Amino acid sequence: MRPETANILSAANNETSGKEMIEYIVMAITEFAKRHLLTIKEASNYMLRFKGIDFLEQCYPAEHTLSLNDCIDDITAICKRNGGEIG
């Protein structure tokens, strides 16, 4: 395979995994909002402020393999550890 082809395939894989990560984060925000009786905007602002989104971005390879309940438990714990009071 030529190097140019490998670079194109690598970029396509990164775009796919990036899209999947975004979809996962949106789903996590939605489920976090449902569990904690927040609007989606409130949940996303809270998760941004208390590092829940950062956690999902950094730990996506492991987190997306867990159940959704485990993911929301983890986000809740991370946010509490960073000063949040929900949970």
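The values are calculated or read from the model by the stated rules, or taken from the named source; none is laboratory data. Since we're looking at a predicted model, the values are computed, not measured. Quick reminder, even Gly has a Cβ in these numbers, built from the backbone with ideal geometry, and neighbours come from all protein chains shown. Heavy atoms of the whole protein, side chains included, go into the accessibility calculation; ligands, DNA and RNA do not. Shrake-Rupley method; radii C 1.70, N 1.55, O 1.52, S 1.80 Å.
Step by step: first the residues of region 70-87, then only those that are part of a loop (DSSP other than H, G, I, E, B) and in contact (Cβ under 8 Å) with a residue 40 or more places away in the chain, then the one that is surrounded by the most Cβ atoms within 10 Å (Cβ to Cβ). Which residue is that? Quick ask: steps written out before the conclusion?
Of the residues in region 70-87, the ones part of a loop (DSSP other than H, G, I, E, B) are 82-87.
Imposing the further condition that a residue be in contact (Cβ under 8 Å) with a residue 40 or more places away in the chain reduces the set to 86-87.
Values: ILE86: 17, GLY87: 13.
Of everything passing the filter in region 70-87, ILE86 is surrounded by the most Cβ atoms within 10 Å (Cβ to Cβ).
Out of SER44, SER67, report the one residue that is closer than 24 Å to GLU85 by Cβ, out of contact with any Leu (no Cβ under 7 Å at 6 or more places or on another chain), open to solvent by less than 80 Å² (accessible area, probe 1.4 Å) and among the small types (Gly, Ala, Ser). Break it down stepwise before answering.
Values: SER67 fails: closer than 24 Å to GLU85 by Cβ.
Criteria check complete, one pass: SER44.
Of everything in region 32-65, what is of a type in the set (Phe, Trp, Tyr), in a helix (DSSP H, G or I) and either touching a Lys or Arg at 6+ places or on another chain (Cβ under 9 Å) or modelled with pLDDT under 95 (or both)? Give them in sequence order.
So the first thing to find is which residues in region 32-65 are of a type in the set (Phe, Trp, Tyr), and the list is 32, 46, 50, 55, 60.
Still in the list and also in a helix (DSSP H, G or I): 32, 46, 55, 60.
The answer is TYR60, and nothing else.
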- request: Name the one entry in ILE22, ILE8 that is at pLDDT below 95, within 12 Å of the chain's Cα centre (by Cα) and open to solvent by 90 Å² or more (accessible area, probe 1.4 Å).
  value: ILE22
